Amino acid sequence: MPINNLWIIMPVYNEEEAIDFVVNEWTTALDQLALNYTLCILNDGSKDTTLQHIEKLAELHPRIHVINKANSGHGQTCIYGYKYAIAKGADWIFQIDSDGQCDPIYFKEFIPLTENNKCIYGVRKTRDDGNQRIIVSHFVTLFVFVATGQWLRDPNVPYRLIHSDIMQLFVNDVPADFHLANIYVTVRSNRASKIKWVPIHFRDRMGGTASVKTFSFVKHGFKLFKQLKAAQRAI
């Protein structure tokens, strides 16, 4: 299944320190792969100079599409981007973060897997962003398993490639108050078309602060559990 019309969804919030490097790194890598792609950068109400940075980048890279929107949080911004990409006729949707943690070197491994898979996710086998994040990731995996019965190796990973046929099955079902919407997407996409996991290394942030704090995962853990249980019943 060739990648004919790829949309990369990149939510951005207060990433003025990293965004130039990240965008240049990814556009260079994607251009080398000779893909038909659009890099959709969604500014989620940044309070620094991020918007000015991405607007200048868009002047230099014709494949960049900028959306400036009110703040709604990382997960819901991703959902906004997914819906927008589908409306624009995307065949494949790839989500990455804007803080430099997602290394483009692994994306070329995803391409041949599209022949037989419609959901291809990275799994962070190694990572540089600290033990707290590693523990939280294991915690989320366990919570998701107890709530849904699905053992998902890295349910909140931002490195994910999903065919639009699969995304359209559930993207409009994501509750507007679902705190970690990416986890909902993982659960639903795995149910619709079993995820193919690809080992990746996750780098440390290139400046700034994480939009989803470590404490937030713990604070919202029980709400996440209830939301997943409710979503499971609704499927």
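The values are calculated or read from the model by the stated rules, or taken from the named source; none is laboratory data. This one's a predicted model, so the numbers in the text were calculated from it and none came from an experiment. Here the Cβ is made from the backbone with ideal geometry for all residues, glycine too, and neighbour counts use every protein chain on show.
For the reader, a short list of remarks on this structure follows.
- Taking the range 18-35 as the range and being of a type outside the set (A, V, I, L, M, F, W, C) and touching an Asp or Glu at 6+ places or on another chain (Cβ under 9 Å) as the test, only E25 passes.
- Checking T126, T186, T148 one by one, the residue that is touching a Pro at 6+ places or on another chain (Cβ under 7 Å) and either of a type outside the set (A, V, I, L, M, F, W, C) or in contact (Cβ under 8 Å) with a residue 40 or more places away in the chain (or both) is T186 and no other.
- Members of the range 39-66 found to be β-branched (V, I, T), surrounded by fewer than 18 Cβ atoms within 10 Å (Cβ to Cβ) and not in a loop (DSSP other than H, G, I, E, B), listed by number: V66
- Counted residues, the range 186-235 - those being part of a helix (DSSP H, G or I), at pLDDT 90 or above and under 16 Å from S137 (Cα atoms): 2
- Single match in E15, E25 (criterion: among the acidic types (D, E), part of a loop (DSSP other than H, G, I, E, B) and surrounded by 13 or more Cβ atoms within 10 Å (Cβ to Cβ)): E15
- L57 vs. criteria under 24 Å from H179 (Cα atoms) and at pLDDT 95 or above: no
- Here R133 passes the criteria (1) among the basic types (K, R); (2) within 18 Å of G75 (Cα to Cα); (3) at pLDDT 95 or above except the one numbered (3).
- Pairs are defined by a Cβ separation below 8 Å, a sequence spacing of at least 6 or placement on different chains, a first member in the range 13-38 that is at positive phi, and a second member that is in a helix (DSSP H, G or I) and among the hydroxyl-bearing types (S, T, Y); the pairs so defined are N14/T50.
- When the range 159-170 is filtered for residues that are out of contact with any Ser or Thr (no Cβ under 8 Å at 6 or more places or on another chain) and crowded, with 23+ Cβ neighbours inside 10 Å, only Y159 remains.
- N117 touching a Gly at 6+ places or on another chain (Cβ under 7 Å) and either outside any helix (DSSP H, G or I) or β-branched (V, I, T) (or both): no
- Scanning the range 101-113 for residues being surrounded by fewer than 21 Cβ atoms within 10 Å (Cβ to Cβ) and touching a strand residue (DSSP E or B) at 6+ places or on another chain (Cβ under 7 Å) gives a total of 4.
- Qualifying residue in the range 187-201 (condition: buried (at least 21 other Cβ atoms within 10 Å of the Cβ), over 16 Å from the mean Cα position of the chain (by Cα) and of a type outside the set (D, E, K, R)): no
- When V157, V123 are checked against the criterion of being assigned to a loop (DSSP other than H, G, I, E, B) and at pLDDT 95 or above, V157 stands alone in meeting it.
- Qualifying positions in the range 142-176 - closer than 13 Å to I79 by Cα and acidic (D, E): D173
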